[in-house]
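Shown next, in structure tokens, is the structure this report addresses.
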Amino acid sequence: MGCDQNRRCAALSSALSQSLETLAFVEIMPLGEDAPPEAELIELHPRNEVFWASIPLVRPASGGLTVVLSRELAAMLTDQIYGFLEEEPTESMLLDAVAELANVISGQFMNNFLEGSSSFELGVPFKGTSSKDSNVDPGGTAIERLDYAVEGHKLTVLLVGDGLEA
Amino acid sequence: MKVLVVDDSATMRRIIVNNLQTAGYEDIVQAGNGLEALSNMAGVELILTDWNMPVMDGLSLVKEIRKNPAFGNVPIVMVTTEGAQEEVIEALKQGVNDYIVKPFSKQTLIEKVEKVING
């Protein structure tokens, strides 16, 4: 089933593109079953080290949203978000930028999913780095996993939770 | 004009500061939470604050500022992820002058800032 047939997936996909385009001025391309034909031409960079950030969803649903991306993509997005850095970004700056990106995506997702009809509460982000994707724990079994190509790098969003029925 | 930007995310503070600076606002101070903001209020003429922060959140900060006759009329813009109507109403009820939902464009931010300054 494509993302357009699933309200939850559509809300998440829209939140991701809105957030990245507005904050970092980059366009994203879905991978997987929603990928356009041109996605086959993309050669993705390998993810040797990943940066991740999770935002707890506290109310009205409980769960979490996790963003996973490579160090290289984190650095590129941080540079874009900060407005071109003169200095090499520190790991702390990269993690803070990834966490804020996850925070904005989470808020936009909840606004989209709830259609602004009720309030919601997000928790304080937690974040880290890992040597590989499989070491990142989104806090449960993902009910949505979306992969996107961003400037030749893969960005993954994992959604875990109850009360988020599609 | 002296502007106070309050957010626990250094990244979001940087985004807001960059946008304000390119629009000509040069005198900007920053704080990582509401409590830190209260100790940086001297001479502040405009406040942009996040809602969800550790130590003291944005709504508590607004209540403290509005209680203080010295700062009671300083315009406040809430910059937050929470965009539900009831949240906006609550913020306005507590004394927020305007509200911006993240993610926002530079144009939206500057328009809101100028609206509350001139309002």
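Values in this text are rule-based calculations from the coordinates and carry no lab data. Note that the structure is predicted; figures quoted are calculated from it, not measured. Here the Cβ is made from the backbone with ideal geometry for all residues, glycine too, and neighbour counts use every protein chain on show.
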Legend entry - Which numbered condition A:Gly32 fails, given (1) under 30 Å from B:Glu82 (Cβ atoms); (2) in contact (Cβ under 8 Å) with a residue 24 or more places away in the chain: (1)
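Within segment A:114-138, how many residues are charged (D, E, K, R) and either touching a Cys at 6+ places or on another chain (Cβ under 6 Å) or at the interface with chain B (Cβ under 9 Å from one of its Cβ atoms) (or both)? Explain how you work it out, then say what you get.
Pass one, segment A:114-138, residues charged (D, E, K, R): A:115, A:121, A:127, A:132-133, A:137.
From what is left, the residues that are either touching a Cys at 6+ places or on another chain (Cβ under 6 Å) or at the interface with chain B (Cβ under 9 Å from one of its Cβ atoms) (or both) are A:121.
Residues flagged as charged (D, E, K, R) and either touching a Cys at 6+ places or on another chain (Cβ under 6 Å) or at the interface with chain B (Cβ under 9 Å from one of its Cβ atoms) (or both) within segment A:114-138 amount to 1.
When you check A:Leu65 against the structure, is it crowded, with 17+ Cβ neighbours inside 10 Å and more than 21 Å from A:Thr141 (Cα to Cα), yes or no?
Details: crowded, with 17+ Cβ neighbours inside 10 Å: yes; more than 21 Å from A:Thr141 (Cα to Cα): no.
Here the answer is no, as A:Leu65 does not meet what is asked.
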Inset, instruction - Tell me which residues, restricted to segment B:10-24, are surrounded by fewer than 19 Cβ atoms within 10 Å (Cβ to Cβ) and in contact (Cβ under 8 Å) with a residue 24 or more places away in the chain. - result: B:Thr22, B:Ala23
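Can you tell which of A:Gly139, A:Gly161 is farther than 20 Å from A:Leu23 by Cβ and touching a Leu at 6+ places or on another chain (Cβ under 6 Å)? Reasoning before the result, please.
Working: A:Gly139 fails: touching a Leu at 6+ places or on another chain (Cβ under 6 Å).
So the residue among A:Gly139, A:Gly161 that is farther than 20 Å from A:Leu23 by Cβ and touching a Leu at 6+ places or on another chain (Cβ under 6 Å) is A:Gly161.
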Legend entry - Qualifying residue in segment A:100-122 (condition: over 21 Å from B:Asp7 (Cβ atoms), among the acidic types (Asp, Glu) and surrounded by 17 or more Cβ atoms within 10 Å (Cβ to Cβ)): no
Inset, instruction - Tell me which residues, restricted to segment A:21-34, are surrounded by 14 or more Cβ atoms within 10 Å (Cβ to Cβ) and touching a strand residue (DSSP E or B) at 6+ places or on another chain (Cβ under 7 Å). - result: A:Val26, A:Ile28, A:Met29, A:Pro30, A:Leu31
